[in-house]
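Beneath this line is the structure, given in structure tokens, with notes to follow.
The values are calculated or read from the model by the stated rules, or taken from the named source; none is laboratory data. All values reported here derive from a predicted model rather than from experimental measurement. Don't worry about glycine lacking a Cβ; one is built from the backbone with ideal geometry, like all the others, and counts go over all protein chains shown. The protein model used for the area step is the full one, side chains on, heavy atoms only, and it has no ligands, DNA or RNA in it. Shrake-Rupley method; radii C 1.70, N 1.55, O 1.52, S 1.80 Å.
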Amino acid sequence: MAETFVLITGACHGGWTWRLVAQHLRAAGHRVLAPTLPGLADGDHPERYSLAEVSDFIVDLVEGADLSDVTLVGHSWGGYPLTGAAHRLAPRLRKLVYWGAFVPAEDTPLLEEVPPHYAEMFTQLAAASGNNSIVFPYEVFCAAFMQDADESTQRLIHSLLVPQPMRYFTETVTPVDPAALGLPASYVIGSEDFALPPGDLGWTPRFPQRLGAGTPVIEHPGSHEAQFTRPAELAAALLKA
């Protein structure tokens, strides 16, 4: 059965980052929308939009296109605006898929969900930026986010990242309860995703547990940026989810 996928990006990324994954999903007969979110288009001012407005954008996109039976996928920070939109879009959704993504807790911004050294780095980068934004340093990006790519690919992708509004890391959304919304939810994770270190502050098991007991966890080969390095395997995992 053909599905409609709406793919939500992570921090510093635009909709273009889903291109290879979208090609695999479309080749399998599915419809795919991969928007660039407000504040993350080239030239957007990092202080223009709030996190709530990003969720509003996703709602408007789905409702404006009159989409139904949608599989809503969020990557990394994208779990925040996805969660903010899920409550209002529930009647139009087929399922929720968090891929290497944050699953928000009550009154808890992303900045409080990452290891302290990340929180300190983000705060310092935002303060030095002049417009309250961050871009992951190249060395951090290569070592923790995209370590399974060659250097030329790492440098290319890093050069295309856009500044992430820091307020997207300090504002909150209402948590989602998939069971209460009548929606299935899954968690997808790369076997080499070290963007968050293993342990209490790792991706799993804490984030799948927030989606409810028994939430399926689907593992695929690749890093946090597998949309570039292992797109076929990632697409297969999203379909399995």
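Residues in segment 196-240 that are within 23 Å of A28 (Cα to Cα) and touching a Pro at 6+ places or on another chain (Cβ under 7 Å): V217, R230, E233. For segment 104-149, residues that are assigned to a loop (DSSP other than H, G, I, E, B) and touching a residue at least 12 places away in the same chain (Cβ under 8 Å) total 18. Just one residue in the set A226, A235, A195 is of a type in the set (A, V, I, L, M), in contact with a strand residue (DSSP E or B) (Cβ under 8 Å, 6 or more places away or on another chain), buried (at least 17 other Cβ atoms within 10 Å of the Cβ) and at pLDDT 95 or above; that residue is A226.
When restricted to residues that are in a helix (DSSP H, G or I) and either modelled with pLDDT under 95 or surrounded by fewer than 22 Cβ atoms within 10 Å (Cβ to Cβ) (or both), segment 158-192 contains 9.
Residues in segment 83-103 that are hydroxyl-bearing (S, T, Y) and either assigned to a helix (DSSP H, G or I) or within 9 Å of L72 (Cβ to Cβ) (or both): T83 alone.
Give me a count of the residues in segment 13-62 that are open to solvent by less than 40 Å² (accessible area, probe 1.4 Å) and either at positive phi or assigned to a helix (DSSP H, G or I) (or both). Residues flagged as open to solvent by less than 40 Å² (accessible area, probe 1.4 Å) and either at positive phi or assigned to a helix (DSSP H, G or I) (or both) within segment 13-62 amount to 13. Residues in segment 84-113 that are of a type in the set (V, I, T) and either open to solvent by 30 Å² or more (accessible area, probe 1.4 Å) or over 12 Å from E171 (Cβ atoms) (or both): V97, V103. I'm trying to understand the selection: among the residues of segment 20-52, which are under 20 Å from L96 (Cα atoms) and charged (D, E, K, R)? The answer is R26, R31. Restricting the first member to segment 200-227 and to residues that are of a type in the set (D, E), and the second to residues that are in a loop (DSSP other than H, G, I, E, B) and open to solvent by 10 Å² or more (accessible area, probe 1.4 Å), the beta-carbon pairs closer than 6 Å and six or more apart or on different chains are E219/S191.
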